[in-house]
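Asker: Questions regarding the structure given below will be posed in turn.
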């Protein structure tokens with residue numbers, strides 16, 4: 001961990017805390033409004049400090065975390081877990097969503113063989129990023 005008195009950029013912190021695989025993905029998430037600091041939409045260069053609350057949306061999952069430590073360098077996963085504390089309700093909600101998704105059948109389970117042109121268009125419409 002870096003010096004706790006030193007502020008860290010939100011995009012670098014998200015990358016260092018291992019919420020995103022690259023800093024570029026973290027920047028896109030913050031710029032796209034999928035990360036909120038203390039309930040407000042922010043820019044990637046926003047400075048974080050200990051005690052800030054973050055709401056992070058990744059896909060259909062949501063994390064509600066409190067910043068405990070600051071770092072602008074990516075380290076081992078054990079060090080990354082020390083940077084934040086997740087709300088217990090957030091953790092339970094996430095586990096329930098993952099369990100519900102595992103129970104559902106795979107979306108393409110009923111398809112046989114290669115998809116037709118019509119099937120491919122449906123798949124593309126379903127998986128298109130918004």
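The values are calculated or read from the model by the stated rules, or taken from the named source; none is laboratory data. It should be emphasised that the depicted structure is a prediction, and the values quoted were computed from it without experimental measurement. Glycine gets a Cβ as well: all are built from the backbone with ideal geometry, and neighbour counts include every protein chain shown.
Asker: Go through the residues of the range 97-113 one by one and say whether even a single one is at pLDDT below 95 and within 15 Å of the chain's Cα centre (by Cα).
Answerer: Residues of the range 97-113 at pLDDT below 95: 97-113.
Still in the running and within 15 Å of the chain's Cα centre (by Cα): 97-98.
Yes, some residue in the range 97-113 is at pLDDT below 95 and within 15 Å of the chain's Cα centre (by Cα).
Asker: With respect to the numbered conditions (1) in contact with a helix residue (DSSP H, G or I) (Cβ under 6 Å, 6 or more places away or on another chain); (2) closer than 24 Å to residue 128 by Cβ; (3) not in a helix (DSSP H, G or I), which one is the sole condition not fulfilled by residue 27?
Answerer: (3)
Asker: Applying the selection to the range 109-130, what residues are surrounded by 10 or more Cβ atoms within 10 Å (Cβ to Cβ) and part of a loop (DSSP other than H, G, I, E, B)?
Answerer: 111, 115, 116
Asker: Does residue 93 satisfy the criteria of being without any contact (Cβ under 8 Å) to a residue 60 or more places away in the chain, surrounded by fewer than 17 Cβ atoms within 10 Å (Cβ to Cβ) and either outside any loop (DSSP other than H, G, I, E, B) or within 16 Å of the chain's Cα centre (by Cα) (or both)?
Answerer: yes
Asker: Additional query: Against the definition (touching a strand residue (DSSP E or B) at 6+ places or on another chain (Cβ under 6 Å), buried (at least 17 other Cβ atoms within 10 Å of the Cβ) and at pLDDT 95 or above), how does residue 54 come out, yes or no?
Answerer: yes
Asker: Is it fair to say residue 11 is without any contact (Cβ under 8 Å) to a residue 60 or more places away in the chain, more than 15 Å from the chain's Cα centre (by Cα) and more than 25 Å from residue 127 (Cα to Cα)? Please lay out each step first, then the result.
Answerer: Working: without any contact (Cβ under 8 Å) to a residue 60 or more places away in the chain: yes; more than 15 Å from the chain's Cα centre (by Cα): no; more than 25 Å from residue 127 (Cα to Cα): yes.
Taking the combined requirement at face value, the residue does not satisfy it.
Asker: Working only within the range 75-90, note down all residues that are surrounded by 12 or more Cβ atoms within 10 Å (Cβ to Cβ) and either over 15 Å from the mean Cα position of the chain (by Cα) or within 20 Å of residue 38 (Cβ to Cβ) (or both).
Answerer: From the range 75-90, those surrounded by 12 or more Cβ atoms within 10 Å (Cβ to Cβ) are 75, 79-87, 90; that's our starting set.
Correct list: 75, 79, 82, 83, 84, 85, 86, 87, 90.
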